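**Q** Starting off with a structure, shown below.
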Amino acid sequence: MARNGVKLGTALLRGLGRKCPCCGEASAFRGYLKVVDTCPSCDTPLSLYPTDDGPAYLTMLLIGHVIIAPAFFFPVVWQEPQVTIPILIGSIGALTLAALPFVKGAFLALLWYLGLKHAR
Ligand SMILES: [Zn+2]
């Protein structure tokens, strides 16, 4: 199955690169997280796809697993919690903010691929 001749994997990779999932030519974002209204290259109406809070939840889920799960395998992390907990929380925050634009791009690509637009 493909949408506009674009396979799901291609669309997701374009989204991870913050590019338009349809053409892969132009950026799908203006600024940090704001989706462009329409793709300047192919006129796909990207703002019709409601990413809402989905990328934030998904990013926190992924980063939480990357940071918290390994911490349980290293007991030394919990021997000085007044030092390690702020480091863990800061790391989760920084990595979440770093990953969020790329996860949002992939999420936008998934919504575009599935054709899940705002109901109007
Ligand atoms: Zn495009």
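The values are calculated or read from the model by the stated rules, or taken from the named source; none is laboratory data. Predicted model, so just to flag it, every value in this text is computed and none were measured. A quick note on method: Cβ atoms are made from the backbone with ideal geometry, for glycine too, and the neighbour counts reach across all protein chains shown. Ligands, DNA and RNA are stripped out before the accessible areas are found, and what is left, the full protein with its side chains, is counted by its heavy atoms. Shrake-Rupley method; radii C 1.70, N 1.55, O 1.52, S 1.80 Å.
**Q** Starting from the range 14-30, take each residue that is without any contact (Cβ under 8 Å) to a residue 24 or more places away in the chain and within 15 Å of Arg3 (Cβ to Cβ) and list its partners that are more than 8 Å from the ligand (Cβ to nearest atom) and open to solvent by 60 Å² or more (accessible area, probe 1.4 Å), counting only C-beta distances under 6 angstrom and pairs at least six apart or across chains.
**A** Gly24/Arg14
**Q** Working only within the range 33-46, note down all residues that are open to solvent by 30 Å² or more (accessible area, probe 1.4 Å) and either near the ligand (Cβ under 8 Å from one of its atoms) or charged (D, E, K, R) (or both).
**A** Passing the criteria: Lys34, Asp37, Pro40, Ser41, Cys42, Asp43.
**Q** Only one of (1) within 12 Å of the ligand (Cβ to nearest atom); (2) open to solvent by less than 30 Å² (accessible area, probe 1.4 Å); (3) not β-branched (Val, Ile, Thr) is not met by Tyr49, so which one is it?
**A** It is condition (1) that Tyr49 fails.
**Q** For the range 1-32, name all the residues that are part of a loop (DSSP other than H, G, I, E, B) and either open to solvent by 50 Å² or more (accessible area, probe 1.4 Å) or aromatic (Phe, Trp, Tyr) (or both).
**A** Correct list: Met1, Asn4, Gly5, Glu25, Gly31, Tyr32.
**Q** Which one of the conditions (1) in a loop (DSSP other than H, G, I, E, B); (2) over 16 Å from Gly105 (Cβ atoms) does His65 fail to meet, given that it meets all the rest?
**A** It fails just one condition, (1).
**Q** For Ala106, only one of the following conditions fails: (1) away from the ligand (no atom under 15 Å from the Cβ); (2) open to solvent by less than 60 Å² (accessible area, probe 1.4 Å); (3) without any contact (Cβ under 8 Å) to a residue 60 or more places away in the chain; (4) not aromatic (Phe, Trp, Tyr). What is its number?
**A** Condition not satisfied by Ala106: (3).
**Q** Here is a further query. Any residue at all in the range 68-86 that is in contact with a Gly (Cβ under 8 Å, 6 or more places away or on another chain), touching a residue at least 24 places away in the same chain (Cβ under 8 Å) and not basic (Lys, Arg)?
**A** No, that holds for no residue.
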